[in-house]
Every structure is written in structure tokens, then in C-alpha cells.
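Comments concern the structure below.
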Amino acid sequence: MEDVLAIYARPHDPARPVVCMDEKPYQLLDHARAPLPARPGHDARQDSEYIRCGTCSIFVWVEPLAGWRRVQALPRRTRTD
């Protein structure tokens, strides 16, 4: 872990960029019943029951020292992703 932190502490060098990549699987959910909006004297109401609509993947690439970021969301999550 210390080796990785030493790489992040290097000064910015455009010839040798430090690019970080992360992937987050995300579960897609839908409401089983429509939420009720807030009314005077009552908070908005949302049922805890949900419908599972599959999963997707969110990929992020970041070069923090250059201020560069790229995000890609895929509509589904598969083994090849």
C-alpha cells in the first residue's frame, strides 16, 4: 500500500500520467408503489418495497493531478465487463 501512496505523491508529469480506475456495480431499483408527495404537516412518504430491475456498471477513470475525469455507465453488468 505504501508503494501506491508514493506514486500518488509524485509531482505532475504529463509524460507519465497517474491514472486511477474504479468500477462500481449498481443495483437498479423501481418503486412497487408510487411515492406520495409531501403535504402541509406531513413528510413525503415512500414505501420500502421495491422491484429489482437488474444491475449496471459505473466505471470511473481519474487523473487527479491534471484535473481530468472520465465516467462511463453501462446499461448492464456482465462477466466480460
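Table for the structure above
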quantity	calculated
Potential lengthening between D13 and Q46 on full extension [0.36 nm per residue; Cα-Cα distance subtracted]	6.9 nm
Sum of side-chain charges, Y8 neighbourhood, beta-carbon under 15 Å (Lys, Arg +1; Asp, Glu -1)	-3
Formal net charge of residues neighbouring W61 (Cβ-Cβ distance under 12 Å; K, R +1; D, E -1)	-1
Long-range Cα-Cα pairs in segment 12-57 (distance over 16 Å), rounded percent	65
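The numbers here are math on the coordinates, done by the rules we state, and not lab data. As the structure is a computational prediction, the values presented were derived from the model and not from experiment. We place every Cβ from the backbone using ideal geometry, glycine too, and count neighbours over all the protein chains shown.
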